[in-house]
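The values are calculated or read from the model by the stated rules, or taken from the named source; none is laboratory data. Small disclaimer: the values here were computed from a predicted structure and weren't measured. Here the Cβ positions follow ideal geometry from the backbone for every residue, glycine too, while neighbour counts run over all protein chains shown. Keep in mind that these areas ignore ligands, DNA and RNA; they rest on the heavy atoms of the full protein, side chains included. Shrake-Rupley method; radii C 1.70, N 1.55, O 1.52, S 1.80 Å.
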Amino acid sequence: MAAQTINTASDAAGLAALIARASEQTGAGKRGLPPVDRWNPPFCGDIDMEIRADGTWFYMGTPIGRAPLVRLFSTVLRKDGDGRTYLVTPVEKVGIRVADAPFLAVEMQGTQREGASVLTFRTNVGDVVEAGAEHPLRFEISGENRELKPYLLVRGRLEALVSRAVMYDLVELGETIMVDGVPMFSVRSGEEVFPVMPEAELEALSR
């Protein structure tokens, strides 16, 4: 069994079993996340796995319908400096395709802490992340329709795209804040300010 590799796993369940064994062998167990940033295995090629823009995971052209499998795979994701995303174990690294962001932020809660609003997000794979200095929000305007797309840094270089429904709630919390002398439509979380776009640009888009 030790000689079996991710490349020879014939289905998602077999792939999951390999990752689960790797986590157990490194003491990750069921608590916390495997230390993928500390692993430096050889690259063993790409596998036919894709994360679609809506957060759905596919393996060999078939959706992975079991949420526990998806959560397991998500714990060994790593995005490297080359811009690609990999599944990483102590013994090998394989490339996968990501259409947009690997995670999707599907819920947001706003709470008050020391008089400041703090935004906490839940992802589709169960991460709970508080927006702040270590987990910043960033905003892109993309496409011909100039669609606003917020992203939240979850861990390492891995981001979550904020779902459209959550994005509307997020934008409702926006306010105009001076940033480097420019009025910026921005969102606050704790002590951090995350600029969305210049106020003048927002007014132009609203016309």
- Query: So which residues in the range 168-177 are in contact with a strand residue (DSSP E or B) (Cβ under 7 Å, 6 or more places away or on another chain) and surrounded by fewer than 20 Cβ atoms within 10 Å (Cβ to Cβ)?
  - Reply: ASP169, LEU173, GLY174, GLU175, THR176, ILE177
- Identify the single condition in (1) surrounded by 21 or more Cβ atoms within 10 Å (Cβ to Cβ); (2) over 23 Å from VAL193 (Cβ atoms); (3) of a type in the set (A, V, I, L, M) that ALA165 does not satisfy, given that it satisfies every other one. (1)
- Within the range 93-103, residues open to solvent by less than 30 Å² (accessible area, probe 1.4 Å), part of a strand (DSSP E or B) and either touching a Ser or Thr at 6+ places or on another chain (Cβ under 8 Å) or modelled with pLDDT of 95 or more (or both) come out as GLY95, ILE96, PHE103
- Query: Residue check: is ARG157 touching a residue at least 40 places away in the same chain (Cβ under 8 Å) and over 30 Å from ARG78 (Cβ atoms)?
  - Reply: no
- Query: Just one of PRO90, PRO68 is over 30 Å from ARG188 (Cα atoms), modelled with pLDDT under 95 and either touching a His at 6+ places or on another chain (Cβ under 8 Å) or part of a helix (DSSP H, G or I) (or both); which is it?
  - Reply: PRO68
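Each row is one residue, and each column tells you yes or no for (1) part of a loop (DSSP other than H, G, I, E, B); (2) under 28 Å from GLY81 (Cβ atoms); (3) open to solvent by less than 50 Å² (accessible area, probe 1.4 Å).
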{"position": "VAL129", "(1), (2), (3)": "no, yes, yes"}
{"position": "GLY132", "(1), (2), (3)": "yes, yes, yes"}
{"position": "PHE139", "(1), (2), (3)": "no, yes, yes"}
{"position": "GLU144", "(1), (2), (3)": "yes, no, no"}
{"position": "LYS149", "(1), (2), (3)": "no, yes, yes"}
{"position": "LEU161", "(1), (2), (3)": "no, yes, yes"}
{"position": "SER186", "(1), (2), (3)": "no, no, yes"}
{"position": "PRO195", "(1), (2), (3)": "no, yes, no"}
{"position": "ALA200", "(1), (2), (3)": "no, no, no"}
- Message: Looking at the structure I just gave you, is MET108 hydrophobic (A, V, I, L, M, F, W, C) and touching a residue at least 40 places away in the same chain (Cβ under 8 Å)?
- Response: yes
- Scan the range 106-127 residue by residue and report those that are part of a strand (DSSP E or B) and either among the acidic types (Asp, Glu) or crowded, with 18+ Cβ neighbours inside 10 Å (or both). GLU107, MET108, VAL118, LEU119, PHE121, THR123
